[in-house]
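The values are calculated or read from the model by the stated rules, or taken from the named source; none is laboratory data. Fair warning: this is a prediction, and the values are worked out from it, not measured in the lab. Cβ placement follows ideal geometry from the backbone for every residue including glycine, while neighbour counts extend to all protein chains displayed. Keep in mind that these areas ignore ligands, DNA and RNA; they rest on the heavy atoms of the full protein, side chains included. Shrake-Rupley method; radii C 1.70, N 1.55, O 1.52, S 1.80 Å.
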Amino acid sequence: MPRLDRCLNIWDLRAAAQRRLPKGLFEFVDRATEDHIAVANNRSAFERIKLRHRALLDVSRRSVATTLFGKPASMPLAIAPTGSAGLCWHLGELELAKAAAKAKVPLTLSTASMTPMEAIAKAAGPEQGGRLWFQLYVWKQRELSHQLIERANRNGFEALIVTVDSPVGANREYNTHNGFGLPFSLTPRFMLDVLRHPAWALDVPMKYFTSIGFPRHENYPPEHRKSILSGVGARDALRADSLDWNDIAKFRDMWPGTLMLKGVNRPDDAIKALGYGIDGIIVSNHGGRNMDSAAATLDVLPDIAEAVGDRATIILDSGVRRGSDIVKALALGAKAVLTGRATLYGTAVGGEAGAVKAINILKNEMDKTMAYTGCRTVDEVTPDIFWGLREGNRLRPTAMAAD
Ligand SMILES: Cc1cc2nc3c(=O)[nH]c(=O)nc-3n(C[C@H](O)[C@H](O)[C@H](O)COP(=O)(O)O)c2cc1C
């Protein structure tokens, strides 16, 4: 796939995705909310941290491999849930899941996936070497969510991830400007946008149209499983703003496997989660897509990691675009990261091969950063690699820029 060969980093994949996808869809994936402060801040938190080389240490035998919840992963990365993978590529969630199995990292399937979880489990489940996690948006009618949890359990999903940072919909004004929305409304502006991207139009909507018709949110309960042209009611019923700790207690009772909360930003919430038997805390601000004043996840990570200690697994997402970002997150207390857009850009450019490419790019960059900083295993990645380190794993803000 020549398009992929020319992509040397995640930014190249992003540029290629931008060329391939209609503007409305690309911006839905790429942009965030309101004034795009949170998304930029997530990146600058990574960028302002500086590392120090370690000299003259034999790093010829090094590995980025790790374990996540007691099982091996080829690197400290899992794929984040992204509801629109199936629009970026025909059966995009399936492609992402196969890529994750091939790369030996876990895949999180979104509630809003356009491929049913059954098909994902069949094609990329444990028998195919895959590890599958399921992300839950909670329906106002709780029984519907409880049924979904049971369905994920029946299908052998290893972990349940409850997204807890989305009580209300975000102000993504650019979608309105672009005439883009889910459900799709076939506005003249959107149709023109599609016509300007014929490769995508032929490869994605046309393939659906000539096989299953317009895609649906296949994990939604039957009464809400409408095509992407007509799902308004379903979206309104999603993301209950009444979600609270009582729901978490119920989910814990119901779910026998690993249970994680995605979108924790405060140590007190993380500590409270421990009391509810939560196994994993995902420090996330939804890739800056929800609250534009959200703190960078890398900035809130150390306090949460310190408060939780080894009582739960800490995972970070939002803004990971380079392998060095993963090393920085690990040094500040995360056990792994999730990638949302990075692997989605890859999927948009080359399906499974594109997502594998994105993972391999991050893996190679991570490997190099570990070699430079003298870390032979992920356990050797500690705050000691930082320049500007003062106490524990705290970085003085000024020390990040100048000492
Ligand atoms: C297009 C898109 C769709 C997403 N859909 C979901 C979703 O269905 N459920 C969810 O919990 N998070 C969703 N997210 C958030 C991601 O899971 C993740 O938190 C975020 O993308 C991480 O930031 P990054 O994109 O900078 O890696 C979505 C993100 C994007 C970019």
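Side notes on the structure shown:
- DSSP bridge analysis restricted to the chain gives an antiparallel fraction near 20%, rounded to the nearest 5.
- Relative pair counts by distance (%), Cα atoms of the range 140-209, 10 Å bins: 14, 28, 24, 31, 3
- Each 10 Å bin from 0 upward holds the following percent of the Cα-Cα pairs of the range 12-164: 10, 29, 33, 21, 6, 1, 0.
- Relative intensity of the range 85-190 on a log10 scale, I(q)/I(0) at q = 0.10, 0.13, 0.21 Å⁻¹, equals -0.35, -0.57, -1.11, per a Debye sum over C-alpha point scatterers of equal strength in the absence of solvent.
- Solvent exposure of the chain as accessible area per residue, Å², 1.4 Å probe: 41 Å²
- Separation between Cα centres of the range 1-67 and the range 86-121, rounded to whole Å: 20 Å
- Phi-derived couplings, Karplus 6.51 cos²θ - 1.76 cosθ + 1.60 at θ = phi - 60°, listed residue by residue for the range 19-36: 5, 7, 8, x, 3, x, 6, 4, 5, 4, 6, 7, 7, 10, 7, 6, 9, 6 Hz, with x used for Gly and Pro.
- Cα-based reach from Lys368 at 20 Å (exclusive), listing lysines while leaving out same-chain residues under 8 positions away: Lys50, Lys104, Lys328, Lys335, Lys357
- 3J(HN,Hα) from dihedral phi, the range 316-327, Karplus parametrisation 6.51/-1.76/1.60, rounded to Hz, x for glycine, proline: 10, 9, 4, x, 6, 10, 9, x, 5, 4, 5, 4
- Carbon-plus-sulfur accessible fraction, the chain (probe radius 1.4 Å, protein heavy atoms only): 53%.
- Computed [θ] at 222 nm, deg cm²/dmol, the chain (DSSP H ≥ 4; -39,500 (n - 2.57); rounded to nearest 500): -13000 deg cm²/dmol
- Rounded to 5, the percent of DSSP beta bridges in the range 137-285 classed as antiparallel: 10 percent
- Diffusion coefficient, µm² s⁻¹, Stokes-Einstein with Kirkwood Rh over alpha-carbon pairs of the chain at 37 °C and 0.692 mPa s: 154 µm²/s
- An ellipsoid equivalent to the range 27-85, defined through the eigenvalues of its Cα gyration tensor, has semi-axes of 31, 22, 9 Å when rounded to whole angstrom and sorted largest first.
- Comparing Arg20, Arg341, Arg62 in a Gaussian network model of the chain (Cα springs below 10 Å), the most mobile by mean-square fluctuation is Arg62.
- Selection among Thr297, Ser44, Thr258 by position relative to the dipole of the chain gives Ser44 as farthest towards the positive end (Cβ unit charges, Cα centre).
- When peptides 200-206, 322-328, 244-250, 91-97 are sorted by average Cβ neighbour count within 10 Å, with the highest value leading, the order is 91-97, 322-328, 200-206, 244-250.
- Shown in residue order for the range 345-352 are the 3J(HN,Hα) couplings computed by the Karplus curve 6.51 cos²θ - 1.76 cosθ + 1.60 at θ = phi - 60°: 4, x, 4, 5, 8, x, x, 4 Hz (x for Gly and Pro).
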